[in-house]
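Notes for the one structure printed next.
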DNA sequence: AGATTGAACGATTTGTTGATTATTCAGAAA
DNA sequence: TTTCTGAATAATCAACAAATCGTTCAATCT
């Protein structure tokens, strides 16, 4: 069992090198096998197929990212709004940089989310769990107020969809995206918050 | 001049029939020209190219849609939240149905937004103008409160991006999309509204 | 037995060719 | 002159062949 894990790791390692150097499409199973000093057929004792190797790489990488997000979500000394801010901005910056400067990463992201729609969904769910925890604590502290935390987390994700795969939706630069995310977050926060802000002025507008 | 407009209309009409019947890619300029009893070369006196004919068709169609949106934005007897609701839902339903049941429309939408990114941007801007008007009036009536209407309109669009090209982002059914849009709108509204709702309970949560 | 191989298979990709098509423009019609 | 034509051009597409590659599995090794 320890044996198998080591071999799997070896395969993942070899594939990681090939994928990041030549791209997913341009590396063959034969090459990966040869790097591991085994026959192509033998790879299939450890992974059902090529895509599953890519998925293993993505999962490994994503898990680290998730841990980081979890830390951001529970930072002491910051209020809920700041932590939500950190969370969403980290997400935006990570994907932006990853896809921007690394065409290989972009290729793999595209292939995986195309052929394995469940995977993208799984990522969303994981992040939602973190969001729910954040919202839950925020509600306990009276910082936010909402009916259904699970649902609200879904809605926050829906509203920030544009910033999750930034370059799929638009060709905006990172600063512009950050400015937009800041604005959207502000709208959402003020909505969540049971009104720390005391703007009580009733309609005093000058109608034309 | 009146002459030219008529010829342009004739071309647009012929192309509209061909495009909606056989698709954009499958209709040739020669066919459109022949339908108009003219030579292919002559089309280029009226349109710079094939794509521009498609754009003219899209523009015509979209203008009607815009008018409809404008009406929804100023419906008397409805408050700002309801009108915003109507606006965003109309947008969602229109694009959903259009792209869902009409593969020709989908093809044209894809081609145009691919080759003419400016066009999609122009549509967004037009809708934003309507949004700004809605927000402006809502603020005058004290229904909403915001710093910068133009910016807020942009943020509303950013937050509802997912519902603007629904089938590009997800495979959700219309009911699910509607439920989500409802939720996102709610978050945004409560954020916009200077608190008609009187939830004044200060942190009464039971901290563990 | 279980682990591994590598030739064989079918699917996918690549390369190439020929035909179609958008676009142009020199000239014909008006 | 202005308006239009339609053959010429260059770009794109479709179809087919060859090669490559992911995957399988009967045979081999340990």
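Just so it is clear, none of the values below were taken in a lab; they were calculated from the coordinates. What you see is a predicted model, and the numbers here were worked out from it, not measured in a lab. All Cβ positions, even for glycine, are placed from backbone atoms using ideal geometry, and neighbour counts span all protein chains on display.
In table form, for the structure just shown:
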| read-out | value |
| --- | --- |
| Residue order, fewest to most beta carbons within 10 Å, for B:27, B:59, A:28, B:152 | A:28, B:59, B:27, B:152 |
| Which of A:21, A:68 has the fewest Cβ neighbours within 10 Å, and the rest in rising order | A:21, A:68 |
| Using alpha-carbon coordinates, inclination of helix A:117-140 to the longest axis of chain A, degrees | 40 |
| Euclidean distance between Cα centres, the range A:78-92 to the range B:148-174, Å | 21 |
| Shortest-first distances to equivalent copies, position residue A:28, nm, label 7 Å out along Cβ | 4.1 |
| Listed residues B:42, B:186, B:121, most fluctuating in chain B (Gaussian network, C-alpha, under 10 Å) | B:42 |
| Alpha-carbon spread of the protein assembly as shown, three principal axes, descending order, Å | 82, 64, 34 |
| Cα-based helix-to-principal-axis angle, B:2-22 vs chain B, degrees rounded to 10 | 80 |
| 0 to 90° range, to nearest 10: angle between helix A:174-192 axis and chain A longest Cα axis | 50 |
| Estimated 222 nm signal from helices in chain B, with DSSP H stretches of n ≥ 4 weighted -39500 (n - 2.57), rounded to 500 | -23500 deg cm²/dmol |
| Test item: B:145-158 mean partner chain Cβ contacts at 10 Å | 4 |
| Over chain B, relative contact order from alpha-carbon pairs under 8 Å, at least 6 apart, % | 19 |
| Exam field: residue A:63 pseudo-label spacings to other copies (7 Å along Cα-Cβ), nanometres | 5.9 |
| Inter-copy label distances at residue A:178 (7 Å, Cα→Cβ; nm, one decimal) | 4.1 |
| Spatial extent of the range A:126-178: Rg and Dmax, with the Cα atoms as the point set, Å | 13.6, 39 |
| Shape parameters for the range A:51-203, alpha-carbon atoms, Rg then Dmax in Å | 16.7, 61 |
| Fluctuation leader among B:145, B:176, B:129 - chain B, Gaussian network, Cα springs under 10 angstrom | B:176 |
